Amino acid sequence: MPARALIGSVANFGDRPASRKFAVQVSLGQHPMIEFKGSHFERDVILWAVRWYVAYPISYRQLEEMMAEHGVEVDHATLNRWVVKYVPLLEREFRTRKLPAGSSWRMDETYVRVKGSWKYLYRAVDKAGATVDFLLTAKRDRAAALRFLRKAIEGNGTPEKITIDKSGANTAAIESHNAETEAGIEIRQIKYLNNIVEQDHRAIKRLIRPMLGFKSFRSAAVTLAGIELMHMIRKGQLRPTGEVRPAQQFYSLAG
């Protein structure tokens, strides 16, 4: 029996009438990279909701209203569960297709409110502005900075130089890594060169603001991963897939 493609795409979900059923273009006998079995909602609906939440400055209740306007009755708690469940899977696939970063990094951290207290989002970009990596931590110290540095190097290789601010913790972390591995990473403390990562923080913080703080550390870490994922796609950091629009590139991660 010949493979038959189902018609439809999540890309124009918002333009369709509420009564229309949505199907993804898949062939008979092929399986998506991410499994959606067991959900009471169609795969496309879930992906559409997850992308909107991590791509735009909206709350879960606002997203609930938007879904209702398109004929999908789903409560904000379910939307949260979708984000927590599927963002890690989408991020995992993205990392297998992420373009390599440059060898000159700008490393910094910013504040994120979780359960009423401040946590720290470590981030790095290369000199062209491409995101190297990110990590949410409970503390801002040498150990936290070193965990982030190791994570970034594991996924991107060892940089030639890292520009930081006057943070003693970041300096100590890079020095520790150099001592442990004989990496020889050059440390630079030039504030104007670090402006690029500080400006990049703003794109992330703009999306976080309407969320009014996170209820748990895990929820914060997962949501931030989704925001960073969409931010990297918009910056052109996903290997070419034939899909041009950032939204289509995001959906392609699901298979």
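The values are calculated or read from the model by the stated rules, or taken from the named source; none is laboratory data. If you're wondering where the values come from, they're calculated on a predicted model, not measured in any experiment. For neighbour counting, all protein chains shown are included, and Cβ atoms are generated from backbone atoms with ideal geometry for every residue, glycine included.
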Whichever residue in segment 120-130 is in contact with a helix residue (DSSP H, G or I) (Cβ under 7 Å, 6 or more places away or on another chain) and either without any contact (Cβ under 8 Å) to a residue 60 or more places away in the chain or buried (at least 21 other Cβ atoms within 10 Å of the Cβ) (or both) and, among such residues, is nearest to Ser104 (Cα to Cα): Val125
Test: residue in segment 216-234 that is in contact (Cβ under 8 Å) with a residue 24 or more places away in the chain and over 17 Å from the mean Cα position of the chain (by Cα): yes
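Residues are listed down the side, and each one gets a yes or a no for (1) aliphatic (A, V, I, L, M); (2) assigned by TED's automatic domain parsing to the domain that holds Thr131; (3) touching a Phe, Trp or Tyr at 6+ places or on another chain (Cβ under 9 Å); (4) within 27 Å of Arg95 (Cβ to Cβ):
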| residue | (1), (2), (3), (4) |
| --- | --- |
| Ile153 | yes, yes, no, yes |
| Ile162 | yes, yes, yes, yes |
| Gly168 | no, yes, no, no |
| Thr171 | no, yes, no, no |
| Ala179 | yes, yes, no, no |
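If I ask for residues that are free of Cβ contacts under 8 Å to residues at least 24 places away in the same chain and more than 20 Å from Glu228 (Cβ to Cβ), which ones from segment 152-165 would you list? Step through it out loud before you land on a result.
As a first pass, look at segment 152-165 and keep what is free of Cβ contacts under 8 Å to residues at least 24 places away in the same chain: 154.
Result: no residue meets the conditions.
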Of residues in segment 126-172 being among the hydroxyl-bearing types (Ser, Thr, Tyr) and under 18 Å from Ile204 (Cβ atoms), the one nearest to the chain's Cα centre (by Cα): Thr131
